[in-house]
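Below: the structure, in structure tokens.
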Amino acid sequence: MPQPVWQKSSFSSGGEGNCIELAAATPPRIHLRESDRPDEIATASPRALALLLHTVKGNSLSR
């Protein structure tokens, strides 16, 4: 199995290591990880990730 090619979020900045990284996977899936915890990987479908981002951007998460 090929190793994922990780891309750092364009919103990540500075050298403190607090970055979100994404990698394409198959079947159409997206891996996500935090750069300071590279062994902890979440996987989502493109649709699920889009819905999560839409919810976060809309500030409509409930506690």
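Observations on the structure shown:
- Were the residues from Arg37 through Val5 laid out at 0.36 nm apart, the gain over their Cα-Cα distance would be 9.9 nm.
- One chain, two ends: Asn59 and Asn18. Fully extended at 0.36 nm per residue, the span grows by 12.6 nm beyond their Cα-Cα distance.
- Sorting Thr55, Thr43 on solvent-accessible area from highest to lowest, probe radius 1.4 Å, gives Thr43, Thr55.
- Debye log10 I(q)/I(0) at q = 0.17, 0.21, 0.26, 0.30 Å⁻¹ for segment 15-55, Cα point scatterers: -0.48, -0.68, -0.90, -1.01
The values are calculated or read from the model by the stated rules, or taken from the named source; none is laboratory data. Source: prediction; values computed, not measured. Just so you know, the surface numbers come from the protein's heavy atoms only, side chains and all, with ligands and any DNA or RNA stripped out. Shrake-Rupley method; radii C 1.70, N 1.55, O 1.52, S 1.80 Å.
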